[in-house]
Amino acid sequence: MIKYNLLCKKCELTFDSWFASSKEYDKLKKKKLINCHNCGSLKVEKNLMAPKLISKNFNHKHEKKDLIKYQKIRKRINEYQKFIKNNFDYVGKNFAYEARSIHYNNKKKNKGIYGTASKHDLKELKEEGIDTQIIPWIENENN
Ligand SMILES: [Zn+2]
């Protein structure tokens, strides 16, 4: 089955119609069996400005733009990650524990820490007056 958006040249009505195939459409058209739902005119044609066609092109352009944007952001995140890896200690899932031990024990550390923490952990840390920063993180597949 194939759906065509049809346009009546006489009254400018557009409507959707189903056909078994594009061949069937051609056949019915030749036999003058396709007419306008509104005025009955036989001057009905496939509407080439079907919204499907327009939105497809639009999305394609959009996706390309988004991809470039995404690559730019990814590059910046990668640079940021490099900086953090060089200047911070990775504590993994112990982030909340380590953050508290620095905060409460006045543990002197040359480096800051980074790691993973749940939203719940972050909320608790915030309530305890411990500053954390959430950064976007991309796992590097080259590592
Ligand atoms: Zn019509």
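FYI, it's all coordinate maths here, none of it is from the lab. In this text the structure is predicted, and so the values were computed from the model without any measurement. So basically every Cβ, Gly included, is an ideal-geometry build from the backbone, and we count neighbours across all protein chains shown.
Structural remarks
- For residue 90, the residues whose modelled amide H falls within less than 5 Å of its own, excluding neighbours fewer than 5 places apart on the same chain, are 114.
- Residues of the stretch 4-23 with amide N under 19 Å of a point placed 7 Å along Cα→Cβ from residue 45: 4-17, 22-23
- Full extension of the chain segment joining residue 138 with residue 37 gains 30.8 nm, where the gain is 0.36 nm per residue of separation less the Cα-Cα distance.
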